[in-house]
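**Q** One structure, as structure tokens, below. Some questions next.
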Amino acid sequence: MKANRNIFKIKTRFFLLLLIGMISSSLMANDALKKEKRVFEEGTYKEFKGKVVADDSGDELVFANVTIEGTNIATVTNSEGYFALKVPNDMLNKNITFSYIGYQKKSVPVAKLKEDKNKIKLEILSVSLDAITVFPKDPDLLIEAVLNQRKNNYVQDENMMTAFYRETIRKRRAYASLSEAVVEVYKQGYNNQKNDAIKLLKGRKSVDYSKLDTLLFKLQGGPYSTLMLDIMKSPYMILRYDLLDQYDFEIGNITRQDDRILYILNFKQKSWVPEPLFYGSLYIDSETMAIVSASYNVNTEDKKAVGDLFIKRKPAGAEVYPTKASYLVTYREKDGKWIYGYSRGEITFKVNWKKRLFNTYYHTGIEMAVTDWEKTDAKTFRGTDRMKTNIVMSDTEMGFSDADFWGAYNVIEPEKSIESAIKKIQKNIEKLKN
């Protein structure tokens, strides 16, 4: 048992340090950012924007799936419910589907959409116990069934994905760093122990060092960090057979996604486990036992212990620890198999300066959305093309001056605060030009 806990601690520590390190060195350069692998011609697609909300309350539906029907081309709504989707000209006769757990899926013909300010309303789904023929009573047996069916439920072939990645650092409400990239992901089959690989197609970054005081955050891992949130590919975080006894599982409620009934399985670490572990909810398809989504958090009650997990090096004269660390991963289904679709991580750090009156809060965020994928027989990326796992996005601020920087690539629509940050960056670039 002690050996198992030590393995878990090592694995978890590695995972968390990849997400965020606080150090005092300069950012590494990345020549790959200067390489653009694809060129898109204007006029080959149309972009549609809008907002997805609940029909009854008008509340925004965040991180909802937005997909061109019958294809793998997709995006997600942002944290304010807004979306932007670029549709190739040869697909303008198709429908766009909008789906969200607990709500009825909606298909809208592209021809009926405006270019902007579309408002998509989804109706809430009610679920009764009568709709379930067998309701599980033992949560431990339920999670075992999930693990036993992993090979049957998740894609076992290699796939080539196109994905959009964003990472941010905020000091209170002001953005100190903003990075965005389009990448290719060589996604290994879910029963394959080999790691996924990433190749950078296009990226940009801007940093305001004045907002970081004497600190310099270095987000290690970049897009690899978001892939590590795929708990069905990286089960050691929560779903390892030999670590399940460190969690209490409890069957909560039931809900629906499209025509599927989902069990909500809640979990938290047992009281006798000393290390900071995770707590959260798993959404499980009642028929296949596939996890279709998971939201989870790190237990931050012991600030010293959780600080040791997150902080690689802290500055002299400061106490640094996370007050919040939350994560989300969602999967997409095609032909009866599930595959990684979107993940997000948010961490809030508190910095107590010994010789300062006020504390400082930093908020870090990473997210990646798969915007297209297809099965591939190709080999994984060569060493020269593959991003390193210790990659640090370098400063490529000029990309923000180009309004059409992303071309036909689909991206996650930026929140209003990020839009404001981009506008400030563009103004600064114009000042430098003049």
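**Q** Taking a probe of 1.4 Å, how large is the accessible area per residue of segment 281-434, in Å²?
**A** Accessible area per residue: 50 Å².
**Q** Which shape class applies to segment 110-197: rounded if a/c is under 1.5, otherwise prolate when a/b exceeds b/c and oblate if not, where a ≥ b ≥ c are the square roots of the Cα gyration tensor eigenvalues?
**A** oblate
**Q** Also, quick follow-up: Run the reach check for residue 137 against aspartates and glutamates, Cα to Cα strictly under 20 Å, same-chain hits fewer than 8 apart removed. What comes back?
**A** Cα-Cα hits under 20 Å: 245, 248, 250, 285, 287.
**Q** Can you pull the one-decimal nm distance between simple spin-label points at residue 259 and residue 426, each 7 Å off the Cα toward Cβ?
**A** That separation, rounded to one decimal, is 4.4 nm.
**Q** Above 18 Å lies some portion of the pair distances; for segment 319-433, what is it as a whole percent of all C-alpha pairs?
**A** Of all Cα-Cα pairs in segment 319-433, 73 percent lie more than 18 Å apart.
**Q** Add +1 for every Lys or Arg and -1 for every Asp or Glu among the other residues with Cβ under 12 Å from the Cβ of residue 121, and state the total.
**A** -2
**Q** Could you compute Rg(Cα) / (2.2 N^0.38 Å) for segment 42-181, with N its residue count?
**A** Here the answer is 1.32, to two decimals.
**Q** Net charge near residue 267: determine it from the other residues with C-beta under 15 Å of the C-beta of residue 267, scoring Lys and Arg +1 and Asp and Glu -1.
**A** Neighbour charge sum, excluding residue 267 itself: -3.
**Q** Quick one: Cα convex hull volume of segment 293-338, Å³ per residue?
**A** Given the Cα convex hull of segment 293-338, per-residue volume reads 91 Å³.
**Q** Using the Cβ atoms and a cut-off under 12 Å, what net charge is assigned to the surroundings of residue 289, where Lys and Arg are +1 and Asp and Glu are -1?
**A** 0
**Q** Now for a separate question. Per the Debye formula with a single identical scatterer at each Cα and no solvent contribution, what log10 I(q)/I(0) holds for segment 256-324 at q = 0.12, 0.14, 0.15, 0.21 Å⁻¹?
**A** After summing over all Cα pairs, the log10 values are -0.48, -0.58, -0.63, -0.86.
The values are calculated or read from the model by the stated rules, or taken from the named source; none is laboratory data. These numbers were taken from a predicted model, which means no experiment stands behind them. We place every Cβ from the backbone using ideal geometry, glycine too, and count neighbours over all the protein chains shown. Surface accessibility is based on the protein's heavy atoms, side chains included, excluding ligands, DNA and RNA. Shrake-Rupley method; radii C 1.70, N 1.55, O 1.52, S 1.80 Å.
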